[in-house]
1. May I ask you to give the percent of accessible area on the chain that is carbon plus sulfur, with a probe radius of 1.4 Å?
2. Averaged per residue, what accessible area in Å² does segment 51-119 show with a 1.4 Å probe, protein chains only?
3. Which Rg and Dmax, in Å, describe the Cα atoms of segment 47-100?
4. Calculate, in nm to one decimal, what LYS75 and ASP26 gain on full extension: separation in residues at 0.36 nm each, minus their alpha carbon distance.
5. So if I restrict to the alpha-carbon atoms in segment 72-123, what is the Rg, and what is Dmax, the biggest pairwise distance, in Å?
6. Contact order normalised by length for segment 50-123, with contacts defined as Cα pairs under 8 Å and 6 or more residues apart; what percent is it?
7. Taking θ as phi - 60°, what are the ³J(HN,Hα) couplings along segment 34-51 by the Karplus curve (6.51, -1.76, 1.60), each to the nearest whole Hz, with x for Gly and Pro?
Amino acid sequence: MKIESTVFKPTDERIKILTRHKPSSDGSLMLDWTGSGIIFNAYCKGDITVNIWQTGVDRFYQVVVDGVQKEIHIKNADKPTRVVIAEKLKKGKHKIEFYKEMQCLFPITVYDIELTGILLERP
């Protein structure tokens, strides 16, 4: 199976959205509360990125890739910024979780997810 780089909207029906959120007409997703996030299964390889926008203070996020947790620190992104959340994945099935960690006054917006592969069934 040949797999190509593909961009998905976070509101895709194959992506599970957690806690308080607001979808936009362009397919982007605003996440508000601590613990808000997305979970998806993918058949992919290489890196996975999210295109996000946040205002105010720097933020921390929890990313869980195939059960392995790591923290990502993103400095203030005054415009949409592409951030790597998983790196150098071997070709195969992967479960990806991305959570907003910090209590904050400002929500974040996830515009899209890019990966080399396809989304699988919703978790």
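1. Numbers: 3530 of 6630 Å².
Here carbon and sulfur together make up 53 percent of the probe-accessible area.
2. Working: 3700 Å² over 69 residues.
Accessible surface, normalised per residue, equals 54 Å².
3. Spelled out, the Cα radius of gyration and Dmax of segment 47-100 are 11.8, 37 Å.
4. Working: separation 49, 0.36 × 49 = 17.64 nm, distance 2.49 nm.
Length gained between LYS75 and ASP26: 15.2 nm.
5. 13.3, 38
6. On the way: 117 pairs, mean separation 32.4, N = 74.
About 44 percent, as a whole number.
7. For segment 34-51, the Karplus-derived couplings read 4, x, 5, x, 9, 9, 8, 9, 9, 9, 7, 8, x, 9, 10, 10, 10, 9 Hz, x marking Gly and Pro.
The values are calculated or read from the model by the stated rules, or taken from the named source; none is laboratory data. In this text, all values refer to a predicted model and were calculated from it rather than measured experimentally. Keep in mind that these areas ignore ligands, DNA and RNA; they rest on the heavy atoms of the full protein, side chains included. Shrake-Rupley method; radii C 1.70, N 1.55, O 1.52, S 1.80 Å.
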